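For reference, the structure discussed in these notes is given below.
Throughout, read-outs are computed from the coordinates displayed, never taken from laboratory work. As the structure is a prediction and not an experimental result, all values here were calculated from the model. Cβ placement follows ideal geometry from the backbone for every residue including glycine, while neighbour counts extend to all protein chains displayed.
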Amino acid sequence: MKTARNTLFVYLQIFAAAILAAFTYHLFIIPNGFAPAGLNGIATMVQYKTGFSIGYMSLLINVPICIFATLLIDRSFGIRSLFYCIAYSVIYLLLQHIGLEAFKYNAGDHDTIYPVILSGLCKGVVYSIVFRQNASTGGIDIVSKYITKRSPNLNFFWIAFTLNAIVAGASFFVYAKPDETGALVYNYKPVCHCLAFYFITTFTGNRLIRSTKTACKFTIITAHGDEISRDILEKLHHSSTRLPATGAYTGRQLDVLLCVINKHQLVDLRAILKSYPNTFSFSEPVDATYGTFYKVRRGRVSLSEDT
C-alpha cells in the first residue's frame, strides 16, 4: 500500500509539472514569437510557420522517443517521461480551446525579455520536479541521456547545449519577417531569446535540485565524544559516525565525530560545540546526499546509517 501511495505521489508531481509547462507555453512563449530550447522548440517553430499545434507535434516527436527510452535506457524513466509528455500535450490542447486570452503576456516589440525570464523560471521549476522523479520532459533530454549512457566520457551539459544551439540557430531563419518590399528581414532576437531561455531554465532547475540535497559535513575532534554525539542525536535528530583518534602532540585519546546536517541546523550545532572544552571542528559543504536515512523522533532512534 505504501509503495502504491508513493507511486501515485510521484505521478501527481509529474502531472503538476506538465500543467505548469503547458501554461508556460500557452501564456508566455507562443504569444511572444520565440522558440524555447529542446525539441519543443522545433514544435513551436512548426506551429509558428504552419499553425500545426505544439500539442500534436510534441506527441509525434516525444512518444517514439519515450518508447525508445523505455526499451534502451531505463523502463521507469521512459514510462514516467511518456506520462509527462502525454499529460503536457493534452493539457496544452485543452488550453488552446479554452483561450485564456486575457492572461497571455504579449510583449509585442517592447519588453520581450520579461516573457523569456518568466517562462525560463517556470520551466526550470518543471525540470526540477520532473528530474527528481526520475523522468524527463522528453526530446533532447532523452537523446542526451542516451548518448551519455553509450559514451560516459561525454559531458551531458555540452551535448544538450549543442543540440539546443542548433534549435536556436534554426530560429534565426524561421522567425524572419518580410519588410515593405517583401524581402525577408532576419533578426537575432529569437536566437538570443532561445539561448537566454535555456540558460535561465538550466540554472533554475539545477539550483532547485541541488537545494533539496545540499548539507554540511562537520568533522569534530573532541575529548567529549559521548556527550556531543548524544546532544546531536537528541537536539538535531541526526546521528554521527565516531572514530577513535590520538592527539599527535599530547598523545591523548580523542574521538573524531563525522556528522552531516542540514544548513539550517548550523547555529544549533555550533551552540552544542561551544559547551565543551577541548573540542575542535571544521565544516565542509556537501553538494548532494545519497542513501537511506531515517529520522529520529520522540527519543527513538531508528537509523540505517550513522552519519
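Structural remarks
- For the peptides 188-200, 227-239, 23-35, residues were scored by their other Cβ atoms within 10 Å and the scores averaged per peptide; the highest-first order is 23-35, 188-200, 227-239.
- Rg in Å to one decimal, and Dmax rounded to a whole Å, for segment 215-286 via C-alpha atoms: 11.6, 36
- Estimated FRET transfer efficiency when R0 is 30 angstrom, pair Phe203-Tyr11 (beta carbons, to 0.05): 0.65
- Eigenvalues of the alpha-carbon gyration tensor of segment 2-211, scaled by 5 and square-rooted, set the equivalent ellipsoid semi-axes at 29, 20, 16 angstrom, largest first.
- The string of couplings for segment 173-186 from the Karplus curve (6.51, -1.76, 1.60, θ = phi - 60°) is 8, 5, 8, 5, 10, x, 8, 4, 8, x, 6, 6, 10, 8 Hz, one whole number per residue in order, with x for Gly and Pro.
- Local electrostatic count, Cys66, Cβ distance below 12 Å [Lys/Arg +1, Asp/Glu -1]: +1
- Relative packing of 242-248, 127-133, 257-263, 79-85, which averages over residues the other C-beta atoms within 10 Å, highest first: 79-85, 127-133, 257-263, 242-248
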